[in-house]
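In what follows, a structure is listed as structure tokens, so that the remarks can point back to it.
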Amino acid sequence: GATKDMGKMLGGDEEKDPDAAKKEEERQEALRQQEEERKAKYAKMEAEREVMRQGIRDKYGIKKKEEKEAEAQAALEANAEGSLTRPKKAIPPGCGDEDEEEEESILDTVIKYLPGPLQDMFKK
């Protein structure tokens, strides 16, 4: 019996199952069907979540990322009409001209918490 099984392993004559192709096809079809059902289920769940998210956005006046980008682009285009130069880039807050007084106040705050001898060193 062992030699017969060895022959099969090495690619010898196999006894063909007449229904093997049919069974495999049915199995593949069942897998496809399961995958479609899973996708439908997740699409439905995502749609429900999106409804909930939209409700939250409406409640708090939040806009979707795509809507914000579309509005920003529209604003840029409106500004650019009739202009020959490219739109100016806005300087983000905190860049560029900073007041030196702010840094001194931070230093003063730090000095307040230092021990006496160290405070004297910094004040000189």
For Glu36, are the conditions met, namely being at pLDDT 95 or above and open to solvent by 100 Å² or more (accessible area, probe 1.4 Å)? yes
Within the stretch 55-71, does at least one residue satisfy the condition of being at pLDDT below 65 and either of a type in the set (Lys, Arg) or on the phi < 0 side of the Ramachandran plot (or both)? no
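The values are calculated or read from the model by the stated rules, or taken from the named source; none is laboratory data. Given the structure is predicted, the values throughout are model-derived calculations rather than measurements. Accessible surface areas use protein heavy atoms only, side chains included; no ligands, DNA or RNA. Shrake-Rupley method; radii C 1.70, N 1.55, O 1.52, S 1.80 Å.
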